[in-house]
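The values are calculated or read from the model by the stated rules, or taken from the named source; none is laboratory data. None of these values were measured; they are calculated from a predicted model. A quick note on method: Cβ atoms are made from the backbone with ideal geometry, for glycine too, and the neighbour counts reach across all protein chains shown. Just the protein is used for accessible areas: all its heavy atoms, side chains included, with ligands, DNA and RNA removed. Shrake-Rupley method; radii C 1.70, N 1.55, O 1.52, S 1.80 Å.
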Amino acid sequence: MIQLAKRVIRQTINDKRSVMLILVAPLLILTLVYFLLGDSDYVATVAIDRDAVAAPVITALEQQELNVVGLTAQEAEQAADYLQHNEDVDAVLRFSETSAMDITLYEPSTKGATAMSEIQKAMADLNPSAETTISYVYGTQDQSLFDSLGYVFLALFSFFFVFIISAMALVRERSRGTLERLMMTPIRRGEVIAGYTLGYSVFAIIQAVIIVLYAIFVLQLSNEGNIGWVLLPMVLLAVTAVSFGATISIFAGSELQVVQLIPFTIIPQVFFSGLIPLDLIPYHLGNLSYIMPIYYGAAAIKGIMVYGDGFTEIWGHLAGLTTYALVLYLINTQALKKFRKL
């Protein structure tokens with residue numbers, strides 16, 4: 001028994017990836033969570049019609065952790081349109097003739113909740129019994145968490161499961177010698193990668209269609225846009241996951257090593273998929289989302305399902321996914337040089 005334990009210890013120590021997974025990965029992820037979920041320096045912005053609000057109210061708002069900006073009476077009356085064209089503003093505050101507060105927010109979010117909390121703090125001493133009406137441009141106050149974040153899980157599941165299947169399968173091809181025998185034929189490296197990508201993409205597309213239809217028609221996930229546009233980023237995300245899995249499989253020697261790389265390649269992307277508003281992430285770490293494919297897919301899906309966007313609004317995210325897939329294709333093609341020199 002002791003000898004067996006010693007052998008396991010020696011094997012683990014000699015496997016650098018296992019050591020990294022046990023000792024480094026938890027520290028890396030925990031540090032990332034600390035930065036993402038720690039105290040945010042985000043200051044909410046509230047817009048008010050200064051001419052229609054009493055001076056003590058403006059003073060009370062400015063004493064809170066708020067940026068107070070002015071707007072015209074017409075903009076205040078059309079608060080929804082104003083918020084749609086001013087993404088840096090989190091809330092519009094108006095008062096009725098009976099001194100009731102009307103707070104208009106862009107959507108149910110952490111940023112909107114921060115703005116609303118600071119407004120309520122400011123009004124606590126002035127008029128604590130004031131009636132408050134809260135409305136949203138998109139979404140409702142009583143919507144479920146699933147409706148708020150369902151689009152994120154569509155992107156995550158589409159990417160993660162396809163990545164696992166493609167990466168594992170390609171590693172198995174190498175371990176069985178199938179890839180080496182294939183590289184002995186006249187087929188080009190680019191054709192090999194394209195063939196694998198196309199083959200697994202068929203199943204990725206089927207999965208994407210099933211997930212979207214099930215979420216919308218069975219689970220009743222709210223959707224403001226066209227289902228066809230929802231499928232487009234889902235399919236692109238799944239195809240990108242196939243290429244991403246191929247990249248990992250090329251640099252992994254076994255199926256175990258694919259699993260060992262998940263904490264370093266997949267888990268960080270989860271935090272930048274939209275679960276946490278990027279504006280709330282301190283130290284400008286939110287900019288890391290631009291190098292992660294899940295961000296582009298989740299952002300496009302959110303635009304369609306939450307805001308009712310069409311192609312003209314999401315084409316940038318689709319271009320990001322397409323570029324990512326093309327870059328991975330080139331990397332995979334070059335990486336195959338270690339199996340055969342052409």
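Tell me whether region 226-248 contains one or more residues that are farther than 18 Å from Leu328 by Cα, over 21 Å from the mean Cα position of the chain (by Cα) and in contact (Cβ under 8 Å) with a residue 40 or more places away in the chain. No, every residue in region 226-248 fails to be farther than 18 Å from Leu328 by Cα, over 21 Å from the mean Cα position of the chain (by Cα) and in contact (Cβ under 8 Å) with a residue 40 or more places away in the chain. Residue count for region 83-110 under the criterion of being open to solvent by less than 30 Å² (accessible area, probe 1.4 Å), closer than 12 Å to Ala47 by Cα and part of a strand (DSSP E or B): the result is 6. Of everything in region 287-333 that is among the aromatic types (Phe, Trp, Tyr) and part of a helix (DSSP H, G or I), the residue that is nearest to Leu275 (Cα to Cα) is Tyr295. In this structure, Leu278 does satisfy being within 18 Å of Val152 (Cβ to Cβ), out of contact with any Leu (no Cβ under 6 Å at 6 or more places or on another chain), modelled with pLDDT under 80 and not acidic (Asp, Glu).
The sole residue among Ser243, Ser273, Ser249 that is open to solvent by less than 20 Å² (accessible area, probe 1.4 Å) and over 30 Å from Arg188 (Cβ atoms) is Ser273. How about region 187-210: which of its residues are open to solvent by 40 Å² or more (accessible area, probe 1.4 Å) and either under 15 Å from Phe157 (Cα atoms) or in contact with a Gly (Cβ under 9 Å, 6 or more places away or on another chain) (or both)? Correct list: Ile187, Tyr200, Phe203, Ile205, Ile206, Gln207, Val209, Ile210.
For the condition buried (at least 16 other Cβ atoms within 10 Å of the Cβ) and either farther than 24 Å from Leu330 by Cα or aromatic (Phe, Trp, Tyr) (or both), what is the one hit in Leu219, Leu280? Break it down stepwise before answering.
Numbers: Leu219 fails: buried (at least 16 other Cβ atoms within 10 Å of the Cβ).
Just one listed residue meets the conditions, Leu280.
Scanning region 134-152 for residues that are in contact with a Lys or Arg (Cβ under 8 Å, 6 or more places away or on another chain) and of a type outside the set (A, V, I, L, M, F, W, C) turns up just one, Tyr151. For region 125-164, what are the residues that are at pLDDT 80 or above, among the β-branched types (Val, Ile, Thr) and surrounded by fewer than 15 Cβ atoms within 10 Å (Cβ to Cβ)? Result: Thr133, single match.
When we screen Ala122, Ala167, Ala80, Ala115 for residues that are touching a helix residue (DSSP H, G or I) at 6+ places or on another chain (Cβ under 7 Å), in a helix (DSSP H, G or I), over 30 Å from Tyr200 (Cα atoms) and open to solvent by less than 50 Å² (accessible area, probe 1.4 Å), the only hit is Ala122. Taking Tyr42 as meeting all but one of (1) open to solvent by less than 20 Å² (accessible area, probe 1.4 Å); (2) under 26 Å from the mean Cα position of the chain (by Cα), write down the number of the exception. Among (1) open to solvent by less than 20 Å² (accessible area, probe 1.4 Å); (2) under 26 Å from the mean Cα position of the chain (by Cα), Tyr42 violates only (1).
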